[in-house]
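K.L.:
Below you will find the structure I want to go over with you.
The values are calculated or read from the model by the stated rules, or taken from the named source; none is laboratory data. If you're wondering where the values come from, they're calculated on a predicted model, not measured in any experiment. Glycine gets a Cβ as well: all are built from the backbone with ideal geometry, and neighbour counts include every protein chain shown. Accessible surface is based on the protein model in full, side chains and every heavy atom, while ligands, DNA and RNA are left aside. Shrake-Rupley method; radii C 1.70, N 1.55, O 1.52, S 1.80 Å.
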Amino acid sequence: MRVTSPGRILYRVRQFGRAVVAPRLPVNAQDLGQAHDMLPPDGWRIFKALPRTEQHHALSVWRSIRERGYSQPEAAQAALLHDCAKHGGGVTLVHRVAAVLIKAFAPGMWRRLKHMPEPARRDVRFPLWVHANHPARSAAAAAAAGCLPGAVELIRRHQEELRDDRPPAPIDDLLAAFQAADDEN
């Protein structure tokens, strides 16, 4: 990730602005109705418990995936729940900013944080550890909520770097579209 490029800096500034404004904006009722229809009942409960900022982000990712031509239920479920573990782990805007800065300027520290054993909830590192490990934790929550196996795989892999040195999996095209949509939103 190149935080120092002007385009990347502008992207992060816009992302921060959306995170500050989104809690004050209502979530579109039609979008909520469609999300309700795409999620199993326990998945819907998880989605509804998310802060408004997270709901806006998830719905934006889902819209972007559909605009790329992917309308599978797996794509919808993955978009709607891919970051759900952040909320349960106490990840706030401050932690998100810290994560961006650590990844950009101290990637070794980020890797150590990601691979360390789970700290106690009261440990100051816990929300950052959750942020670093949210793909696996969100995937586990989606699986427990009854989401489709393809959605669980997309969530688990949504921050994984796709590699050219291995044969592509059938889901890799959708995963690449999902990652691009998540990065944009």
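K.L.:
Scan region 140-158 and tell me whether some residue there is under 22 Å from SER64 (Cβ atoms), modelled with pLDDT under 90 and open to solvent by 20 Å² or more (accessible area, probe 1.4 Å).
P.N.:
no
K.L.:
Please enumerate the residues belonging to region 154-173 that are of a type in the set (A, V, I, L, M) and closer than 19 Å to ALA143 by Cα.
P.N.:
Result: LEU154, ILE155, ILE171.
K.L.:
Given the residues ARG163, ARG137, which is the only one that is at pLDDT below 95 and not hydroxyl-bearing (Ser, Thr, Tyr)?
P.N.:
ARG163
K.L.:
Let me ask something else about it. Output the helices (runs of 4 or more DSSP H) that fall wholly within region 46-137 and possess 1 or more residues being surrounded by fewer than 19 Cβ atoms within 10 Å (Cβ to Cβ), hydrophobic (A, V, I, L, M, F, W, C) and out of contact with any Leu (no Cβ under 7 Å at 6 or more places or on another chain), or say none.
P.N.:
Qualifying helices (runs of 4 or more DSSP H): 93-105, 107-115.
K.L.:
Also, quick follow-up: Quick one: ALA177 ticks every box in (1) over 13 Å from the mean Cα position of the chain (by Cα); (2) open to solvent by 20 Å² or more (accessible area, probe 1.4 Å) except a single one, so which number is it?
P.N.:
Here ALA177 clears every test but (2).
K.L.:
While we're here: Kindly check whether there is at least one residue in region 175-183 that is modelled with pLDDT under 95 and under 17 Å from ALA99 (Cα atoms). Full working, then the answer.
P.N.:
We begin by selecting, within region 175-183, every residue modelled with pLDDT under 95; these are 175-183.
Next cut, under 17 Å from ALA99 (Cα atoms) only: 182-183.
Yes, region 175-183 contains a residue that is modelled with pLDDT under 95 and under 17 Å from ALA99 (Cα atoms).
K.L.:
Residue check, THR92 against (1) more than 30 Å from ASP173 (Cβ to Cβ); (2) at pLDDT 95 or above, all met but one. Which one?
P.N.:
Failed condition: (2).
K.L.:
Within the set of pairs 6+ apart or on separate chains, which have a first residue in region 99-119 that is more than 15 Å from TRP129 (Cβ to Cβ), a second that is modelled with pLDDT under 95 and open to solvent by 100 Å² or more (accessible area, probe 1.4 Å), and C-beta atoms under 8 Å apart?
P.N.:
That search, which allows pairs on different chains as well, returns ALA104/MET1.
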